[in-house]
Structures are given as C-alpha cells and as structure tokens.
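Here the structure is laid out as structure tokens; the discussion comes afterwards.
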Amino acid sequence: MAETIFAPWDDPTEKPLIRFRNVTKRFGAFTAIDDLTLDIFEREFFALLGPSGCGKTTMMRMLAGFETPSEGTIELAGQDIAAVPPNKRAVNMMFQSYALFPHLSVYDNIAFGLRRDSLPRADIDARVGEMLKLTRLEKFARRKPHQISGGQRQRVALARSLAKAPKLLLLDEPLGALDAKLRQATQFELMDIQEKTGTTFVIVTHDQEEAMTVASRVAVMDEGRVMQVATPERIYEAPESVYVADFIGDVNIVPGTARAVGDGLFQLNWAEDTVPFIAASEGAFSEGQACHLAIRPEKIAISAERPPEAENAVHGKVLDIAYLGNLSTYHVELPGGQVIKAQTANTRRISRRSFTWEDPVWVSWTKTAGVLLDQ
Amino acid sequence: MNRLSWFNVTALTFGFAFLYLPMVILVIYSFNASKLVTVWAGFSTRWYGELLRNDAFLDAAWVTIKVAVVSSTFATVLGTMAAYVLVRGGRFLGRTLFSGMIYAPLVMPEVITGLSLLLLFIGIGLDRGVMTIVLAHTTFSMCYVSVVVSSRLVTFDRSLEEAALDLGCSSFDAFRLVTLPIIAPAVISGWLLAFTLSLDDLVIASFTAGPSATTLPIKIFSAVRLGVSPEINALSTIMIGIVTIGVITAALVTKRNSLRQQQEEQAAARVA
Ligand SMILES: Nc1ncnc2c1ncn2[C@@H]1O[C@H](COP(=O)(O)OP(=O)(O)O)[C@@H](O)[C@H]1O
Ligand SMILES: [Mg+2]
C-alpha cells in the first residue's frame, strides 16, 4: 500500500481554501503587495518567508480582514471575502505582539472568543480545558498575562486563536520572542497541533530554517512580490532565481555566459583562460546568454589531487576556514578571484585538518549538483 | 545627596506660603469662636453646627452636588467618546477642525462660554435651573475629560482591539470588553476632574443658574458681599476638603493604576 503524499497543489481537481487573485495593496503611493496570485490549500502549513518589510504582515492582515486589497480579490473557500468584516470570518490570527488582554486571566483570554458565540457555559469550559491541555497551561489558568513567562504567553496566544477551531489560522512570527531551544521545541509542537486539529496554518517568519522545518510549502517574498512558491526541498534544491537561492541557506553564485552543448547540458564560461563548468538544466539558454550557476557548499568536494572522474574540477587555494562544530566551511579562491565555499562534515572527533590556509586544493562537483539561473 | 541651599529653601517657603497661606488662614478662622472674623476668640466648631441649620446653604450644597455628579457623568461619556473618535477614527473629513474645536473651551474665557450658553438657553426658551447648569458644566468639562482620556488612548496598543474583533467582537463589544476596562483609570480620573471643576465653578454657573437653583459658589459669593461670616469660612473649609480629596484621588488613580496597567500591558505583549 503506497502512502499518499500530501500535495494538493499538484492536483488540478483540488479546490484551494484561499485564493489570492492579482491582489495589490497600496498605502498611499507605496505598494506593499504587488499583483499577488497565490493558492493555499486546506490542511496546508504554509509559510511566508521574506526580509522585514516585504509585506508578510500586510498579507496576513488582508486575510484577517484588517486591511482591504486595493485591487484584486481574495477568496476563502470559494467566496470573495472583501465585504466580510473580521469578526465574521472563520479566520483567527495570532498576533506578532500576542495582543493578550492584560486585564483578563489566561482562562478568560482563551474563553474570550467562545463567549462571543454565546455557547453554553459547560461547552466553553470543556473547550478551554482542552486548549489549556493542548498548550500545557493547565496550571496557569488563573494567572494574568503579566504573571507568566514569554514562552507561556506565546502559548496562551496560540490557544486563544485555536479555541474557536478556525478554518484558517494565521500566525505572525509566532516564535520570534523565544530562544533557540524553546523555538525548536515549539515548532514541533505547532506541527503536532496542526496535524491533530487539521487546521490550515499560514505562518509568517523571517527565519528560513523555521519555514523549512514546519511548512508543507514556502512562499519566498521580496518587496511585495512572491518570488517562488514550492515545497521546502524544491526551494532549497531548485530555486528559480538568484534571490531565492541566496535567501535560503548558503550558496555559491558563479556568474558567466551559457553555451548549449546538447542533451540538456550547458557550458558556463565563468572566467577567461579557464575550463568552462558544465551543468545540466531543464531551462534552455541561448548562446552567450548571461546566467548564474548556483551551487550549495555541501555539494562541493575538496581534495588535494584532482579527482579523476570529476565533471567539474578547478584548482585554487584555501583562503579561509570556518569551523562550525558539525561542519567546516573552506573558502577557496579560484583563478580570477572568484571564491567558492566548500563544506565538509566533521565526522571524526579531533581529526587533523587535511588542509590549512594557503594550501593548494582542488574543488569538484557533478554536473547536476548546481542549478543554472537566468535571473 | 544634594542639600537644599538657603536660596532654594526661601523660594520654596515663599512659594508655598503664597499658595496656601490664604487657605490656611481661612481654615483656622473657621474654628474661631468669635462672630467677628478678624478677632480670634478661641477654638470652636460652633459655625459648623450653624451651617447645618442653614437651609439656604444646604439647598445650594445639594444642588451643587447634584449638578456635579450628573454633569461630570455626562461629560465623561461624551468626552470619552470624543477622545476615542479623535484617536481611533483615522482620517475623516473635518478631523482637524473637530479636534481643534473640542479643545477650544479649554482656552475660551469662561465669561464668554457662560454668556453664549445663556444666550442659547434664552433663545430656545429653556428655563434656567438645575438642568441648564448641568448642560453648561457638561459642555465645558467634557473637553477636559477628552484630553485626559485621549492621552491614555494614544499609548493604547491597537492590536488588542484587533484581537477582540478577530475573536468575533463587534466594534462596540471590543470597546466595552477590552478598551474600556483597560483605560478605566483614565476615565475615572477624567470624571473626578470634571466633578471638581463643576463643584467650584462660579462664572459659568452665575450665567446659567436661575432663581429656582443656586449653587454653593454663587451662594458664598453673594453672601460675602454682605460681609464675611465665620459660617462661610466653615463652608469653604469643607469645600476645600472635598476638592482636595477629589484631586488627590484623581492623581493617585491615574498615577498608580495607569502605571501598573501599562506595565502589565507591556508585559502581556512579547518581550522585545
Ligand atoms: N498602515 C500602513 N501604512 C503605511 N505603510 C504601511 C502600513 N502597514 C505596512 N506598511 C508598509 O508596508 C510594508 C510591508 O509591511 P509589513 O507587511 O508589516 O512587512 P513585514 O513583511 O515585515 O511583516 C512596510 O514597508 C511598511 O512600512
Ligand atoms: Mg511583520
């Protein structure tokens, strides 16, 4: 029995839960969101990733109903939601600032939304109890927000936004205030909760690792535009632009000009008087077209002798070594001044470094290790 | 520690003497046994007793309290609403004009406010009495309330209201359940301010009071013209007491509560 992979975005019959169609949002003369078209599917954990000020919060606020698009439409479950006020949307938001009500206890904060629906007391009590348990806050139900820690407040905010069992939960940099350890634990907790409740999550983050960890798909944004939407693996291994490749993780970018050599293979002339690199590409490049080779440091091998079968190999000298504990990164200067980063795993403890500063070395990689990008 | 120099001490002494000596003398003479105001004849609380048997003064006191309570309540409701619209309303047509106009009574000479209100009441044929004083006091004290409340609203975290809306509140419910409880200290101190303003107002009340209703300040003022009696000293002492309590309470409520609440609010938001 084959396990079905969760990929509704590849299924043309699947109806998206959220549909942005040519949405533009302007504040005065400033364009915060520029002609955005995007589908988000039910049960997805969708991450919006981008530098500060690129319009992530604005996008969320349009979904929650606090901002209206200047142009275009947003559909939720097939309905245009432009005219629906925030209090009538089956959408809840966890605010970047948490926005807990300071005059109410943890319990009352979580019960706040449920009370607005005038549910019977017993139901509210049961639901709040469930949320407290889910977020492990049972002991703090009677405390006020200022009497608990930052991590607990963040969980109260999450519990409060989940209590009404929204169709869609918006999380605006929910883990920004947490330290690295707690952050990682909470990421897994979030994924767990998302799986248990079946809610669609849209999470905003400027931390690429966080987006890669939690998301089913990631949208990389820049200045109000979506640069690429794909699964974390594809974003990492098959970026469509230099911007995306550079934004996610560490990458070497080698500029040059392309020359087709057939079979989906291209030569990259990257410096004068050097052997061109060779790379496979799905996209086509015309003769002499300017392009970039993007290649991750961990895909590059470093050795003292030229590896005999290497498809790409180039001689250089070690410029710098960065020891990161689990990994070491070698900065190797190639003829013509281009610097290439090559990464090796430190699999043995206290092993003597094979190379040191100024050593002549060979760096090599296969023809499918990198991607050729035209922009 | 920086010790006070003789200059500072002198300045402080003169300043406080200038401010409070007249009142201290008044308070002392209210306990004078003699009927002659200027001659000290020993301690007595006699005039406080006399005061309680003076129906004219008691009536006036009752009117003053009624007017102060009702007008400050109206002023608080209206002033809070105005502050909310000014701070939260965003940009609407005539916002600048509106915000300018709401503060105009703060700088308007009271005589002019009183006169224009008098003309209005005559114009619409409203008989002067408790009602007209209440209206007049509401008018001039609501802008004070609005100043106090809007200065609190400016620092109020907007996202709390948005969270309330997000969780299914109507705008009115968001105000009632979230905004109001949090800004309550400012609203209360606005009320106390309006209350004390109404309590000691003479000018506007003189214009808008009628024969059927006289407030205490008017009564005192007219009585003094016939000569200062120890009874009036006693009455004034009581009023000083009430106003002092009002002002101190307002100050305490604002200071302590809003400080604490702002801390809580900041704490409730994420640690930056
Ligand atoms: N209400 C507003 N008025 C004017 N400009 C705004 C407003 N809200 C956001 N912006 C601008 O829009 C841009 C995107 O903001 P935002 O969506 O908050 O970015 P982020 O991706 O950091 O969450 C920013 O440059 C910001 O200054
Ligand atoms: Mg943001």
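The values are calculated or read from the model by the stated rules, or taken from the named source; none is laboratory data. Keep in mind the model is a prediction, meaning the values are calculated, not measured. Here Cβ is always computed from backbone atoms with ideal geometry, including for glycine, and neighbour counts include all displayed protein chains. Note: areas computed on protein heavy atoms with side chains; ligands, DNA, RNA excluded. Shrake-Rupley method; radii C 1.70, N 1.55, O 1.52, S 1.80 Å.
Just to check your reading of the model, which residue among A:Glu333, A:Glu298 is charged (D, E, K, R) and open to solvent by 60 Å² or more (accessible area, probe 1.4 Å)?
Being charged (D, E, K, R) and open to solvent by 60 Å² or more (accessible area, probe 1.4 Å) holds for just one of A:Glu333, A:Glu298, which is A:Glu298.
I'm checking my understanding of the structure. Among residues of the stretch A:22-44 that are more than 14 Å from every other protein chain (Cβ to nearest Cβ) and of a type in the set (Phe, Trp, Tyr), which one is nearest to ligand 1 (Cβ to nearest atom)?
Checked the stretch A:22-44; the qualifying residue nearest to ligand 1 (Cβ to nearest atom) is A:Phe30.
Listed residues A:Leu134, A:Leu169; which is in the same structural domain as A:Val204 (by TED's automatic domain parsing) and under 30 Å from A:Glu75 (Cα atoms)?
It is A:Leu169.
Given (1) over 25 Å from A:Glu195 (Cβ atoms); (2) open to solvent by 40 Å² or more (accessible area, probe 1.4 Å); (3) within 16 Å of ligand 1 (Cβ to nearest atom), identify the lone condition not met by A:Gln96.
(1)
Counting just the residues of the stretch B:209-224 that are free of Cβ contacts under 8 Å to residues at least 40 places away in the same chain and open to solvent by less than 30 Å² (accessible area, probe 1.4 Å), which one comes out nearest to B:Arg158 (Cα to Cα)?
Within the stretch B:209-224, the match that is nearest to B:Arg158 (Cα to Cα) is B:Ile220.
Among the residues of the stretch A:322-333 satisfying the criterion of being at pLDDT 90 or above and not charged (D, E, K, R), which is farthest from A:Glu272 (Cα to Cα)?
If we take residues in the stretch A:322-333 being at pLDDT 90 or above and not charged (D, E, K, R), then A:Thr329 is farthest from A:Glu272 (Cα to Cα).
Determine whether the stretch B:183-202 contains at least one residue that is in contact with an Asp or Glu (Cβ under 9 Å, 6 or more places away or on another chain) and either under 23 Å from B:Met108 (Cβ atoms) or away from chain A (no Cβ under 14 Å) (or both).
Checked the stretch B:183-202: at least one residue is in contact with an Asp or Glu (Cβ under 9 Å, 6 or more places away or on another chain) and either under 23 Å from B:Met108 (Cβ atoms) or away from chain A (no Cβ under 14 Å) (or both).
Across the stretch A:195-214, which residue is farthest from A:Lys25 (Cα to Cα) among those that are buried (at least 21 other Cβ atoms within 10 Å of the Cβ) and away from ligand 1 (no atom under 16 Å from the Cβ)?
Among residues in the stretch A:195-214 that are buried (at least 21 other Cβ atoms within 10 Å of the Cβ) and away from ligand 1 (no atom under 16 Å from the Cβ), the one farthest from A:Lys25 (Cα to Cα) is A:Val214.
Inspect all residues belonging to the stretch A:251-260 and state whether any of them is within 20 Å of the chain's Cα centre (by Cα) and either crowded, with 19+ Cβ neighbours inside 10 Å or not aliphatic (A, V, I, L, M) (or both).
yes
Yes/no per residue for (1) farther than 26 Å from A:Val84 by Cβ; (2) in a helix (DSSP H, G or I):
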position: B:Ser159; (1), (2): no, yes
position: B:Cys169; (1), (2): no, no
position: B:Ile188; (1), (2): yes, yes
position: B:Leu193; (1), (2): yes, yes
position: B:Ser206; (1), (2): yes, yes
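Which residue out of A:Pro308, A:Pro335, A:Pro255 is out of contact with any Gly (no Cβ under 9 Å at 6 or more places or on another chain) and assigned to a loop (DSSP other than H, G, I, E, B)?
When all the criteria are applied, what remains is A:Pro308.
Just checking, which of A:Gly283, A:Gly288 is more than 25 Å from the chain's Cα centre (by Cα), assigned to a loop (DSSP other than H, G, I, E, B) and closer than 26 Å to A:Gly264 by Cβ?
Testing whether each residue is more than 25 Å from the chain's Cα centre (by Cα), assigned to a loop (DSSP other than H, G, I, E, B) and closer than 26 Å to A:Gly264 by Cβ leaves just A:Gly288.
Do we have any residue at all in the stretch B:64-87 that's closer than 21 Å to B:Asn233 by Cβ and surrounded by 17 or more Cβ atoms within 10 Å (Cβ to Cβ)?
Scanning the stretch B:64-87, I find at least one residue that is closer than 21 Å to B:Asn233 by Cβ and surrounded by 17 or more Cβ atoms within 10 Å (Cβ to Cβ), so the answer is yes.
Here is a yes/no grid of residues against (1) within 8 Å of chain B (Cβ to nearest Cβ); (2) over 28 Å from A:Ile148 (Cβ atoms):
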position	(1), (2)
A:Glu75	no, yes
A:Gln79	no, yes
A:Pro85	yes, yes
A:Met94	no, no
A:Pro102	yes, no
A:Tyr107	no, no
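Write out, first by first residue and then by second, each pair whose Cβ atoms fall under 6 Å of each other, whose residues are 6+ apart or on separate chains, and whose first residue, in the stretch A:51-68, is assigned by TED's automatic domain parsing to the domain that holds A:Thr200 while the second is basic (Lys, Arg) and more than 7 Å from ligand 1 (Cβ to nearest atom).
These pairs meet every condition: A:Thr58/A:Lys25; A:Gly65/A:Arg89; A:Glu67/A:Arg61.
Out of B:Ile102, B:Ile28, report the one residue that is in a helix (DSSP H, G or I), more than 30 Å from B:Phe172 (Cα to Cα) and free of Cβ contacts under 8 Å to residues at least 60 places away in the same chain.
Within the list B:Ile102, B:Ile28, the selection yields B:Ile28.
Could you list, in sequence order, all residues of the stretch B:110-138 that are outside any helix (DSSP H, G or I) and open to solvent by 70 Å² or more (accessible area, probe 1.4 Å)?
Once the filter is applied, which keeps residues that are outside any helix (DSSP H, G or I) and open to solvent by 70 Å² or more (accessible area, probe 1.4 Å), the stretch B:110-138 yields B:Ile124, B:Asp127, B:Arg128.
Which condition number in (1) touching a helix residue (DSSP H, G or I) at 6+ places or on another chain (Cβ under 8 Å); (2) open to solvent by 50 Å² or more (accessible area, probe 1.4 Å); (3) without any contact (Cβ under 8 Å) to a residue 24 or more places away in the chain is the one that A:Glu42 fails?
(3)
Can you tell me which residue within the stretch B:192-208, out of those that are of a type in the set (A, V, I, L, M) and either farther than 16 Å from B:Trp62 by Cβ or at pLDDT below 90 (or both), is surrounded by the most Cβ atoms within 10 Å (Cβ to Cβ)?
B:Ala194
Any residue at all in the stretch A:148-170 that's within 16 Å of ligand 2 (Cβ to nearest atom), assigned to a loop (DSSP other than H, G, I, E, B) and crowded, with 21+ Cβ neighbours inside 10 Å?
Within the stretch A:148-170, not a single residue is within 16 Å of ligand 2 (Cβ to nearest atom), assigned to a loop (DSSP other than H, G, I, E, B) and crowded, with 21+ Cβ neighbours inside 10 Å.
Is there any pair with a first residue in the stretch A:194-207 that is within 16 Å of ligand 2 (Cβ to nearest atom) and a second that is among the β-branched types (Val, Ile, Thr) whose Cβ atoms are under 7 Å apart and which are 6 or more apart or on different chains, and what are they?
Going by the 7 Å Cβ cut-off, the qualifying pairs are A:Val202/A:Ile40; A:Ile203/A:Val214; A:Val204/A:Thr57.
Test of understanding: among B:Leu36, B:Leu21, B:Leu58, B:Leu97, which residue is open to solvent by 60 Å² or more (accessible area, probe 1.4 Å) and touching a Pro at 6+ places or on another chain (Cβ under 9 Å)?
After ruling out the rest, the residue left standing is B:Leu36.
Only one residue in B:Ser150, B:Ser171 is of a type in the set (Ser, Thr, Tyr) and more than 14 Å from chain A (Cβ to nearest Cβ). Which one?
B:Ser150
Out of everything in the stretch A:43-100 that is touching a strand residue (DSSP E or B) at 6+ places or on another chain (Cβ under 8 Å) and of a type in the set (Phe, Trp, Tyr), what residue ends up being nearest to ligand 2 (Cβ to nearest atom)?
Only one residue fits best here, namely A:Phe95.
Taking the stretch A:171-192 on its own, how many of its residues are away from chain B (no Cβ under 12 Å) and crowded, with 18+ Cβ neighbours inside 10 Å?
Summing the residues that are away from chain B (no Cβ under 12 Å) and crowded, with 18+ Cβ neighbours inside 10 Å in the stretch A:171-192 gives 5.
Contact list please: Cβ distance under 9 Å, first residue in the stretch A:96-115 and assigned to a helix (DSSP H, G or I), second residue aromatic (Phe, Trp, Tyr) and buried (at least 22 other Cβ atoms within 10 Å of the Cβ), pairs at least six apart or on different chains.
If the second residue must be aromatic (Phe, Trp, Tyr) and buried (at least 22 other Cβ atoms within 10 Å of the Cβ), the pairs left are A:Asp108/A:Phe101; A:Asn109/A:Phe101; A:Phe112/A:Phe101.
Provide a single number: the residues in the stretch A:45-71 that are of a type outside the set (A, V, I, L, M), away from chain B (no Cβ under 13 Å), within 12 Å of ligand 1 (Cβ to nearest atom) and not in a loop (DSSP other than H, G, I, E, B).
Residues meeting the conditions: 2.
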